[in-house]
1. Quickly run through region A:19-42 and pick out the residues that are of a type in the set (Gly, Ala, Ser) and modelled with pLDDT of 60 or more.
2. Tally up the residues in region B:53-64 that are touching a residue at least 24 places away in the same chain (Cβ under 8 Å), of a type outside the set (D, E, K, R) and not in a helix (DSSP H, G or I), please.
3. Only helices (runs of 4 or more DSSP H) wholly contained in region A:66-157 count here; list those with 3 or more residues that are surrounded by 20 or more Cβ atoms within 10 Å (Cβ to Cβ), in contact (Cβ under 8 Å) with a residue 60 or more places away in the chain and of a type in the set (A, V, I, L, M, F, W, C).
4. Does region B:27-44 contain any residue that is in contact (Cβ under 8 Å) with a residue 12 or more places away in the chain and closer than 25 Å to A:SER64 by Cα?
5. Of everything in region B:57-68, what is surrounded by 15 or more Cβ atoms within 10 Å (Cβ to Cβ) and either among the aliphatic types (A, V, I, L, M) or within 15 Å of the chain's Cα centre (by Cα) (or both)? Give them in sequence order.
6. Just the residues that are hydrophobic (A, V, I, L, M, F, W, C) and within 14 Å of chain B (Cβ to nearest Cβ), please, taken from region A:132-153.
7. So A:TRP45 fits all but one of (1) of a type outside the set (Lys, Arg); (2) crowded, with 23+ Cβ neighbours inside 10 Å; (3) modelled with pLDDT under 95; (4) within 30 Å of B:VAL108 (Cβ to Cβ); what number is the exception?
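The values are calculated or read from the model by the stated rules, or taken from the named source; none is laboratory data. These figures come from a predicted structure and were not determined experimentally. All Cβ positions, glycine included, derive from the backbone under ideal geometry; neighbour counts span all protein chains shown.
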Amino acid sequence: MEEDGTDVTAQTTGQGGKTARQAGADGGPGKKARLVSGPGLVLVWLYGVMTVGAASRSVYQIVSDYGRAPLAYSLSAVAAVVYVFITYTLVRGGETARKVALVCCALELVGVLTVGTWTLVDPSAFPDATVWSDYGMGYIFIPVALPVTGMLWLRKPRTAASAAAAA
Amino acid sequence: MLVALTIAVTAAALALAAWCGYAAYRDQPTKDWHFIGMAVVSVLALVQLVAGIVLVAGGQEPHDGSVIFFAYLVGAVLSVPIAGFMSLTERTRWGSVVVAAGGVVLAVLEVRLYAIWGG
């Protein structure tokens with residue numbers, strides 16, 4: 001079953017050659033270090049949900065009534081892009097992806113804290129809510145919890161073997 | 001009609017979340033019975049989508065507009081099956097956690113749907 005999952009990932013990303021090369025760099029025995037095994041799968045699921053939520057919300061708001069709250073809608077769109085990118089890197093896996101995702105999670109946390117504080121300090125700048133308003137209260141604080149969990153999960157470099165052990 | 005279905009889907013989603021959360025607590029992956037449970041919840045969400053289409057086609061207008069209404073209905077139908085497929089690739093307790101999280105996500109979508117429909 002585990003092998004099947006790995007094969008599917010390799011096929012859908014269409015990078016069979018690169019996969020093998022990266023697996024070598026990761027020190028794994030011909031297997032790319034998966035970032036989505038064990039707790040990582042829960043993480044990628046929540047990131048996927050936030051991606052769909054933030055992306056569909058910002059597209060709808062920008063298309064239907066951008067003039068009402070341009071700043072809020074633009075910030076939601078930025079959040080959507082961040083979520084798309086982190087979800088993609090997590091699914092892709094490998095050591096480079098881990099480092100990139102780690103940096104993005106840190107940026108995401110900075111973004112949530114900045115926008116969250118901004119919406120509290122200067123509510124008049126936001127006629128409508130963003131995904132990160134009030135530290136993501138409209139999304140039961142998942143936006144502030146996700147990057148912290150993500151950084152904990154991605155903190156250590158791993159080989160395929162240690163990832164399997166963690167799962 | 002739609003409100004009753006919304007309540008039913010919410011209850012079923014939370015029950016599924018609790019059930020799979022319990023499986024995760026006992027360090028077990030999702031099993032056949034869990035997948036039957038997921039199917040039941042998904043069918044309920046599908047019935048809700050069809051009911052929504054029938055009601056809007058019959059002339060009723062959701063409070064927040066039909067675009068958002070249908071976006072949430074489609075999201076509600078997809079959330080549990082996607083979580084279920086993900087749990088198939090992860091035959092550990094974490095697969096169960098994903099489905100439990102999927103149930104919670106569906107419940108949140110239903111609460112939003114209630115507001116979108118009724119105001």
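1. First, pick out the residues of region A:19-42 that are of a type in the set (Gly, Ala, Ser): A:20, A:23-25, A:27-28, A:30, A:33, A:37-38, A:40.
Selection gives A:ALA33, A:SER37, A:GLY38, A:GLY40.
2. If we filter region B:53-64 for residues that are touching a residue at least 24 places away in the same chain (Cβ under 8 Å), which is where we start, we get B:55, B:62-64.
If we keep only those that are of a type outside the set (D, E, K, R) as well, we get B:55, B:62-63.
After this cut, where a residue has to be not in a helix (DSSP H, G or I) as well, the list is B:62-63.
Of the residues in region B:53-64, 2 are touching a residue at least 24 places away in the same chain (Cβ under 8 Å), of a type outside the set (D, E, K, R) and not in a helix (DSSP H, G or I).
3. Once the helices (runs of 4 or more DSSP H) in region A:66-157 are filtered for at least 3 residues that are surrounded by 20 or more Cβ atoms within 10 Å (Cβ to Cβ), in contact (Cβ under 8 Å) with a residue 60 or more places away in the chain and of a type in the set (A, V, I, L, M, F, W, C), what remains is A:70-92, A:142-154.
4. no
5. B:ILE68
6. Just the residues of region A:132-153 that are hydrophobic (A, V, I, L, M, F, W, C), to begin with: A:132, A:137, A:140-142, A:144-146, A:148, A:151-153.
Matches in region A:132-153: A:MET137, A:ILE140, A:PHE141, A:ILE142, A:ALA145, A:LEU146, A:TRP153.
7. (3)
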